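The values are calculated or read from the model by the stated rules, or taken from the named source; none is laboratory data. It should be emphasised that the depicted structure is a prediction, and the values quoted were computed from it without experimental measurement. Cβ placement follows ideal geometry from the backbone for every residue including glycine, while neighbour counts extend to all protein chains displayed. Ligands, DNA and RNA are excluded from the accessible area calculation, which covers all protein heavy atoms including side chains. Shrake-Rupley method; radii C 1.70, N 1.55, O 1.52, S 1.80 Å.
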Amino acid sequence: MTTFETYLESHKGAMLSDDLVTVLRNVAEATRQISDRLRTSSLDGLTGATEVTNVQGETQKPLDILSNDILLEACRRSPSVSFAVSEELDSEVAIHADGKHAVIFDPLDGSSNLDVNVTVGTIFSVIEAKTSADILKSGRGQLVAGYAAYGPQTMLVLTVGAGVQIFTLNGDGIYVLTNADAKIVPDAKEFAINAARRASWEDVVAAYIDDAIDTGHNMRWVGSMVADALRIFNRGGVFLYPADRHKPASGGRLRLLYEGNPIGLLAEAAGGAAIIGDTAILDVQPTSLHQRVPVIFGSKAEVDKIAAAYAARVHEAAAE
Ligand code: AHM
Ligand code: MG
């Protein structure tokens with residue numbers, strides 16, 4: 001049996017420094033604690049919304065705040081952590097003055113699904129950052145990334161650079177490897193998009209979805225990217241949260257640093273792809289901590305087809 005702990009131990013050295021192992025161990029422990037709190041949140045009165053609005057302009061839920069606090073505590077227990085960056089915090093928080101790793105996280109992704117008992121998750125990424133000026137680096141600079149999905153089972157999806165491993169939390173609170181070296185199949189006839197926003201899709205996206213429907217693709221949309229991503233790791237498909245063509249300046253719905261980049265690293269490590277237009281998400285230089293971007297990821301052949309359509313549009317525009 002391979003556990004999260006034995007996996008980390010066996011990758012110490014070439015792939016993972018001792019410091020990174022400590023960070024990952026503490027982040028995984030934080031996800032176990034969050035999973036525990038979620039199981040009884042209705043019984044504990046941790047439902048509904050608070051009066052507090054975060055820097056994104058979104059009303060925080062009690063579990064958003066609790067999960068954020070649990071992750072901040074995990075960062076404090078990790079001596080190499082210099083900064084924490086979170087969806088729920090206005091700006092980066094200094095942790096240890098002599099630290100060198102920034103931990104970047106979305107404490108509870110899909111939190112609109114909380115009170116309806118649908119899968120939510122914690123997304124995280126670790127980069128090297130001794131000063132706050134080092135935080136805004138492209139996704140290729142991520143050392144490790146992953147997420148926990150709190151559904152009927154709690155699963156932890158991890159990449160330490162090469163390959164994606166999926167662990168499942170057992171009854172003793174131990175993450176056990178249940179899907180080793182997960183791969184995203186290159187072709188799959190399934191897409192995930194919020195179809196209610198069709199009027200705001202870019203032409204490339206509308207054309208791709210029309211063609212997908214005409215050629216018999218299936219649709220699934222959980223409203224929690226972490227859950228849609230687990231399905232894609234299991235049986236392929238494409239997830240799209242495109243830019244709003246009426247509000248191009250807004251960038252999109254999802255955030256680059258703690259949603260697009262970690263999912264981009266995982267998708268590529270599993271043989272899939274993740275793009276913004278015709279560019280790999282991981283090559284995009286961030287401009288701010290909470291920058292929003294359009295996100296498309298999943299089966300490589302499908303994502304490449306969409307990237308090619310964006311590239312063709314750029315060529316057409318240049319020729320006009
Ligand atoms: P959150 O981090 O505030 O929960 O927002 C991110 C979530 C994603 O998990 C999900 O794919 C998307 O928002 C759903 O958005 P919409 O409600 O527009 O369908
Ligand atoms: Mg989120």
Within the accessible area of the chain (1.4 Å probe), percent carbon and sulfur: 51
Just subtract the alpha-carbon distance of H315 and M219 from 0.36 nm times their residue separation and send over the number in nm, one decimal. 31.5 nm
What does the charge add up to near A212, with Lys and Arg as +1, Asp and Glu as -1, over the other residues with Cβ less than 9 Å from its Cβ? -4
If each DSSP helix of 4+ residues adds -39,500 (n - 2.57) and the sum is divided by the residues in the chain, what number results at 222 nm, nearest 500 deg cm²/dmol? -9500 deg cm²/dmol
Note down the net charge around I127, summing +1 for each Lys or Arg and -1 for each Asp or Glu among other residues with Cβ under 14 Å from its Cβ. 0
Mean Cβ-within-10 Å packing, highest first, puts peptides 71-77, 144-150 in the order 144-150, 71-77
Charge sum, other residues only, whose C-beta stays under 12 Å from A162's C-beta, Lys/Arg counted +1 and Asp/Glu -1: -2
For a protection proxy built on the mean count of beta-carbon atoms within 10 angstrom, sort 245-253, 158-166 highest first, please. 158-166, 245-253
For segment 87-102, in residue order, the Karplus 3J(HN,Hα) values (coefficients 6.51, -1.76, 1.60; θ = phi - 60°; whole Hz; Gly and Pro = x) are 3, 8, 10, 4, 9, 5, 10, 6, 10, 10, 4, 9, x, 9, 10, 9
Using Cα springs under 10 Å in a Gaussian network model of the chain, which residue among P79, P152, P294 shows the largest mean-square fluctuation? P152
Which angle between 0 and 90 degrees, to the nearest 10, do you get for helix 18-39 versus the longest principal axis of the chain when only C-alpha atoms count? 80
What does segment 214-275 give for Rg and for Dmax, in Å, if only its C-alpha atoms count? 12.7, 35
For K305, tell me the accessible area in Å² from a 1.4 Å probe, rounded to the nearest 10. 100
Can you give me the Cα centroid spacing of segment 158-184 and segment 28-105 in angstrom? 22
Estimated translational D of segment 4-179 in µm²/s (Stokes, Kirkwood radius over Cα pairs; 37 °C; 0.692 mPa s): 199
Taking only the alpha carbons of segment 193-250, the radius of gyration and the largest Cα-Cα distance, Dmax, both in angstrom, are 12.1, 34
Accessible area expressed per residue, the chain, with surrounding protein chains retained (probe 1.4 Å, Å²): 41
Taking the chain as a Gaussian network, where each spring joins two C-alpha atoms under 10 Å apart, which residue of G141, G48, G260 fluctuates the most? G48
Taking a 29 Å limit on the Cα-Cα distance, which of the listed pairs K130/K183; K247/K305; K137/K305; K137/K183 fall beyond it? K130/K183
Take the Cα radius of gyration of the chain and divide it by 2.2 N^0.38 Å, with N its residue count; two decimals is plenty. 0.96
For D98 and K12, what does the FRET efficiency come to when R0 = 22 Å and r is the distance between their Cβ atoms, rounded to the nearest 0.05? 0.55
Taking the 0 to 90 degree range and rounding to the nearest ten, how far is the long axis of helix 62-76 tilted relative to the main principal axis of the chain, both from C-alpha atoms? 60
Roughly speaking, what % of Cα-Cα pairs in segment 111-246 are separated by over 22 Å, rounded to a whole number? 51
Beta bridges by DSSP in segment 184-320, antiparallel share as percent, to the nearest 5: 75
What is segment 190-319 by shape, rounded, prolate or oblate, if you read a ≥ b ≥ c off the alpha carbon gyration tensor as root eigenvalues and call it rounded for a/c under 1.5, prolate for a/b larger than b/c, and oblate otherwise? rounded
For helix 203-214, what angle does its Cα long axis make with the longest principal axis of the chain, in degrees from 0 to 90 and rounded to 10? 90
